[in-house]
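Report on one structure; see the data block that follows.
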Amino acid sequence: AQLAEEEARKSEDARLAEEARLEEEEARKAEDARLAEEAQLAEEETMKAEESRLAEEARIAAEEARKAEEARIAEEARLAKEKARKVEEARIAEEARLAEEEAKKTEEA
C-alpha cells in the first residue's frame, strides 16, 4: 500500500509538474505574442511618423518651389516692364530727335 501511495504521489507530482510546465510555456507564448504585438505597433507608429514627416517635408518643398516660381515670374514681369519702359523711352527719344531734325530742315528751307 505504501508503494502504491508513493507511486500515486509521484504520478501526481509528475502531473502537476507537467501542468506547471505547460502553463509556463503558455504564459511565455502569450508574453512573446504580446511583445511581438507591441513591437509591431511600435514599428507601425514609427512608420506612420516617418510617412507624416516625409509628407510634411514634401509639402514644405512644394510650398518653397511655388514661392520660388512666383518670385521668378514676378522678376520676369519686372524685367519685361523695365525693358518695355526703356524701349518706350528710346522710341520717344527717337521721335523727338526726328521731330527736331524735321524742324531744323523746315527752318533751313
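We did not get these values from a lab; they are worked out from the coordinates using the rules stated. This one's a predicted model, so the numbers in the text were calculated from it and none came from an experiment. Cβ atoms come from the backbone with ideal geometry, glycine included; neighbour counts cover every protein chain shown.
Taking other residues whose beta carbon is less than 12 angstrom from the beta carbon of residue 100, and scoring Lys, Arg as +1 and Asp, Glu as -1, yields -2. Candidate values [x] 1.00; [y] 1.94; [z] 1.08 were compared with Rg/Rh (Cα atoms, Kirkwood Rh) computed on the shown model; the agreeing label is [y]. Only Lys, Arg, Asp and Glu carry charge here, each on its Cβ (+1 for the first two, -1 for the last two); on that basis the stretch 3-109 has a dipole of about 1280 debye about its Cα centre. What's the angle, to the nearest 10 degrees (0 to 90), between helix 2-108's Cα axis and the longest principal axis of the chain? Result, in degrees: 0. Within a straight-line Cα-Cα reach of under 15 Å, residue 10 can be paired with the following aspartates and glutamates, leaving aside sequence neighbours fewer than 8 residues apart in one chain: 18, 19.
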